[in-house]
Amino acid sequence: MAPKKKKNLSLVENDNAIRGKGMRIGIVVSEWNPEITESLCSGAVATLKKYGVKHEDIVVHHVPGSFELTLGAQWLADRSEIDAVICLGCVIQGETRHFDFICEAVSYGITELNIRYSKPVVFGVLTTNTIGQAKARAGGRHGNKGDEAAITAMKMIDLKRKNNFS
């Protein structure tokens, strides 16, 4: 039996259509699981720059944990010059229901911010069973979800601008 081929889930097709020039993007990063979250952040920043977002137009703030991502994102979304906010965190399944409560709260909070601000607030939070799964998605064999979050932010800003959504 042939070994499984590693699949990079973060590869972007038709990336010629992505343009970040003139976009100002905030990133909120959880300090919990820093080996993972800093890799996500590095990937997001590199991807934003690759597509034309200037270094000075990327605002990065850190919060203690994934639960605090929502409030950190709200503070950035409050700033009129910020076009989108990327939330980066990592919650790894443990032996208690804490995982479930945090994941549900963060996903609900980020959804609410999208609606409240009519501004992209991107869910870049890994919710994995193991640290190995997290590493595979933070620059490992499955790509970097930080890259994907950056692409999502730029595509959503572009969609809003092209269609004059308010």
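The values are calculated or read from the model by the stated rules, or taken from the named source; none is laboratory data. Computed from a prediction, not measured in an experiment: that's the story for all the values here. Ideal geometry is used to build each Cβ from the backbone, glycine not excepted, and the neighbour counts take in all protein chains shown. In case anyone asks, the SASA skips ligands and DNA or RNA and just uses the protein heavy atoms, side chains included. Shrake-Rupley method; radii C 1.70, N 1.55, O 1.52, S 1.80 Å.
The number of residues in region 1-42 that are at pLDDT 75 or above, open to solvent by 40 Å² or more (accessible area, probe 1.4 Å) and among the small types (Gly, Ala, Ser) comes to 2.
The residue that is most open to solvent (accessible area, probe 1.4 Å), counting only those in region 50-67 that are under 14 Å from Asn33 (Cα atoms) and of a type outside the set (A, V, I, L, M), is Phe67. Residues that are in a helix (DSSP H, G or I) and either closer than 17 Å to Asn33 by Cβ or of a type outside the set (Gly, Ala, Ser) (or both) within region 68-80 comprise Glu68, Leu69, Thr70, Leu71, Gly72, Gln74, Trp75, Leu76, listed in sequence order. Screening the candidates Ala150, Ala136 for the property of being modelled with pLDDT of 95 or more, under 22 Å from Leu48 (Cβ atoms) and among the small types (Gly, Ala, Ser) yields one hit, Ala150. Close contacts from region 51-62, counting a first residue that is in contact (Cβ under 8 Å) with a residue 12 or more places away in the chain and more than 12 Å from Ala84 (Cα to Cα) and a second that is in a loop (DSSP other than H, G, I, E, B) and open to solvent by 30 Å² or more (accessible area, probe 1.4 Å), with Cβ to Cβ under 6 Å and a gap of 6+ residues or different chains, come to Gly52/Arg19; Gly52/Lys21; His62/Glu31.
Taking the stated definitions as given, is Thr70 farther than 19 Å from Ala134 by Cβ, polar (S, T, N, Q) and either touching a strand residue (DSSP E or B) at 6+ places or on another chain (Cβ under 8 Å) or crowded, with 18+ Cβ neighbours inside 10 Å (or both)?
Judged against the criteria, Thr70 is a match.
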